[in-house]
1. Mind putting a number on the dipole of chain C about its Cα centre? Charges go on the C-beta only, +1 for Lys and Arg and -1 for Asp and Glu, and I need it in Debye to the nearest 20.
2. Say the cut-off is 22 Å between C-alpha atoms; which of C:Lys69/C:Lys347; B:Lys141/C:Lys83; C:Lys166/C:Lys186 go over it?
3. Apply the Karplus curve 6.51 cos²θ - 1.76 cosθ + 1.60, θ = phi - 60°, to the phi angles in the range C:299-316 and return the couplings in whole Hz, x for Gly and Pro.
4. Please list 3J(HN,Hα) in residue order for the range C:43-50, calculated via the Karplus relation 6.51 cos²θ - 1.76 cosθ + 1.60 where θ = phi - 60°; whole Hz, with x for glycine and proline.
5. Determine the equivalent ellipsoid of the range C:123-255 by diagonalising the alpha-carbon gyration tensor, then write out the semi-axes as square roots of 5 times the eigenvalues, largest first, rounded to whole Å.
6. Quick check: convex hull of the Cα atoms in chain C, volume per residue, rounded to a whole Å³?
7. For C:Thr177, which sequence-distant residues (separation of 5 or more, or a different chain) have an amide H within less than 5 Å of its own amide H, given hydrogens modelled in the peptide plane?
8. What does the convex hull of the alpha-carbon atoms of the range C:315-411 project to on average, in nm²?
Amino acid sequence: MSVRSYSPLGRLERKWGWLLCAPFALGLVLFSLGPITTALGLAFYQWDNLTPPRFVGLANWHQLFHDELFWKALRNTLFYVVGSVPTGVILALGLALIVNARLPGIGLFRTVYFTPVVTSTVAVALVWTWVYDSNYGLLNYVIEQIGKLVGLKIKPIAWLNDPRTAMPAIIAMSVWKGLGYNMIIFLAALQNVPRELYEAAAIDGANRFRQFWHVTLPSISPVMFFVVVTSLIGAFQVFDQVYIMARDGRPANSTLTLVYYLYNHAFRYLNMGYACTIGMALFVLIGAVTGIQLVLQKKWVHA
Amino acid sequence: MKTSMTWNKKWTAAIVRYAVLLIIALLMVFPFLWMVTTSFKSMEEAFRYPPSLIPDKIHWENYRKLLAALPITRFFLNSVKITTLNVVGVLLSCSMAAFALARLNFPGRTLLFAAALITLMVPWQTTLIPVFIMFQKIGWKDSHYPLWVPAFFGGGFAVFFLRQFFLGIPRDLYEAALVDGLSPAGILFRIYLPLAKPALTTLGVFTFIASWNDLLTPLIYIDTLEKMPLTAGLSFLQGQYSSDWPMMMAGAVVSIVPVLLIFFASQRVFVEGIATSGIKG
Amino acid sequence: MREASRTTLSVYTLAGLIFLAFLSGCTEQSRESRTGATTIRYSRWGLPEEIQAERELIAEFEKTHPDIKVVVEFASWAEYWNKLQAQMAAGTAPDVFLLNGGYSNDYAARGQLENLQPWVDADTSLTLDAYYPQTVAIFRDKNSLWALPRDCNTVAIYYNKTIFEKRKVPFPTPDWTWQDFLEKAKACTVDENGDGRTDIFGFNAGYDSMEVHWGYWIWQNNGEILSRDRTRCLLAEPPAVEALRFYSDLVVKHKVSPDVAQSSTFGSNMFLTGRLAMSAEGSWMIRTFREAQGFKWAIAPLPKGKRKAAPVNGLGNAMYSKSKNKKAAWQLLKFLASKPYQEKLAKSGTSIPALREVAESPLYLDDTVEGKRYFLDQLAYAQPLDFTRNFNKIEEAVRLELEAVWLGRKDIESAARDAAQAVDKILAENQKSNEKPQ
């Protein structure tokens, strides 16, 4: 502890630190500590939700190591993360820059861009399944028309029916659905960049691009950090999109993700202990990735 | 001469911008459009494939049937209550914690931040039953309490979110205010919160949406139909074997309208423009 | 001045919120039980239109049983099983709840269900013979009975009469065979506008469900899915493989069925919009298909293979083993299986009442649906699915293999072999946990 903490300021900050954090800390203890420790601990038990759990030590882990489906789900999930997070973050930032303008009616556009986030998942699933349909789908139709223009005859792509294209299709839909969310976060951050910084840079002769690179990006870097970390955490835990578009990881388990696999074990196969084992493995993975982010942030985040 | 040239340039720039905005808008809005138009279709028409956009005939009775089938007004009021409490709870408890984590120096600060992140990294499927058992033991059966009381005790996502925004507000403001004799709480409420209006609004909207659209928690914790909030109550329209799609879409429309209204209204905060740093001279 | 009004505003808001919260607390406690009455909880899933009818029936029950009060917990199908399991984990499941064959074995094996056989034996007012035997068999396990029958369902072929007439194909007869079926399906599959895409399909061959899609073809060919003692999977045996080949050829060879994605998302709906000539659906689909516009439809029994076979599935009401009001719960269980309740069930048309006399009456058999009679006729020889523990896992394992065939990535022989292997593993695990002391 620094010398500071014994000074009147130090005491002031200590007292207020604890006071202001009290509800949050209490909440963590009451609502999170117990359940999370239980969930992690159950990784070493066998539990069917109904009868008392049975301690099995490392048996679940042994099973996990040899579980082909687990590794497949892991690969699928990694593919999903790599495919959806960079694209999603960059596109969201782009969208935020576009709507960060004082044009009349811009509020309406922002609301429209936000609708995918809140549109009923049933509606989204149905419409996108049609978009991806091999025979009548919108996407294949567009591709066919473009092909005709260029003079090529393109065969219809199976999209959701082909294990090679199913996951990319879901990634695209997923990114589309989440854009509005991150867009708003970036918008809030952009709005908080002090005007004086831009004026100073303009006086120094910086053009729009350099202003963006040297003023905007550093100023929003704490929020960028937030968006990247939360997007990663969310992507590793992807569940809903698969649940609505590709029930049970079809086709051929190419869209089976870790959390979906976990869900099956937890509630359909009455194998909660093993589900918690998967959960813990996932937790460690996400923790490692987040930890790396936290270490790296010193290099690029201005706080 | 010069003025008319720059005037033309401005017009073309504006047209290009609106064109781009419009194209993106079309890409984003088509499922929503389908949802709205389907709520006016007959059941047979709703299943048509490829899907039709414009209904043959406007079937207003889908909405009438919806109101008759379920206690929609009741659901709506429940949602309003639960969601308002959630938003207030989160904004209050998390802004306090986020400020402390961002600006104050005290033992346990790193631990709390780490804990906030950790709560985000555990999939809900693994904690659902332990949390459920805990609430049942307290005696909160068939009640709204599990749906909003935890909001007053902070949340990892919101704390992390606000912390990052508070970090973006210059430290000098904090130190200057200390010199002026304000307590940290005073600084939070008088200086930081007003400056973080876009962030607070965003968090408020997100919390609103998460609470309004929450399906799982109400279905698990509430047993009596009339106590259900709107989105959970509407899920009753989805049957085991088949669903009345037009009516379901009508429900989805009813459910989404308040969300979009709130979102649109909140945009005024953003239009206010770019904040100033607040440092004079 | 501004500061003061802002503080007052916040104080009032806070007070208002506390008041709101207090109000909500009040409504929680307003649920009082009548003095002396036992309160039991009864949970079921269903559609909103069934809520009112259910409440009325329960009110009648309470009138004839003034010392029992029933709290009906109408649940959404979306989360019914997750919620029930969570409640069981917490020890607070409802006293009476709706149950299906798929989960009954799993719950019974883990001691969550009350064995009703002793109750039935002790109570002379209830005879199990009055019900279709399969509906009782679903919930029977050696000498235990885990639920009282409520309703049953079977699968038959719904066909689009208008398409048949247009294509000049004769309607199915009650004794039609696999060959007849295939010919009719082929004759009805057509590309109407010549754009290279099929517009009307003859039949929707799904692969998700043992009950609705692939199970009965195997039985009709004298094959079996699981051995009688549930220790082996017999899908790789010649009769089963032959049946599965006939079924998968519908998609792979004859192309009378839509592709995987269309089938899984839109399956039944395709019949509703007149794009399917025939569809194998459960008896519960009558309600949905009533909404069909622009064409006439009727019901035919499943075609005959080497013999006639059909599936039967049913729901029952079970009692929670940890219920604190078992006697009252038993009264409710009897009521749910009794004539007044079954009659209401018949009128709603969602499923076939388990009570024979009600099913055979005009309450269920109405004239507006042609061929509804065939459902009951099939019940004479219909058999329950091979329910056992981890049934969901078994169905999933087979689904995966069939999907590969549907996608053209595997042939049916290897798929059947691999499926049988996977299922054997699951059955072996079941055996192991049967032997372990609990």
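The values are calculated or read from the model by the stated rules, or taken from the named source; none is laboratory data. Please read these numbers as outputs of a predicted model, since none were measured by experiment. All Cβ positions, glycine included, derive from the backbone under ideal geometry; neighbour counts span all protein chains shown. Just so you know, the surface numbers come from the protein's heavy atoms only, side chains and all, with ligands and any DNA or RNA stripped out. Shrake-Rupley method; radii C 1.70, N 1.55, O 1.52, S 1.80 Å.
1. Working: 55 positive and 56 negative charges, 87 e Å.
My answer is approximately 420 debye.
2. Values: C:Lys69/C:Lys347 26 Å; B:Lys141/C:Lys83 13 Å; C:Lys166/C:Lys186 14 Å.
Where the Cα-Cα span goes over 22 Å, the pairs concerned are C:Lys69/C:Lys347.
3. Working through the residues one at a time gives 10, 10, x, 4, x, 9, x, 6, 8, 8, 7, 8, x, 9, 9, x, 10, x Hz.
4. 10, 8, 9, x, 8, x, 5, 8
5. On the way: eigenvalues 270, 83, 30 Å².
That gives 37, 20, 12 Å for the three semi-axes.
6. Details: hull volume 96.9 nm³, N = 438.
Spread over its residues, the Cα hull of chain C gives 221 Å³ apiece.
7. Answer set, sorted by chain and number: C:Lys304.
8. Details: hull surface 40.4 nm².
Averaging across all directions leaves 10.1 nm² for the Cα convex hull.
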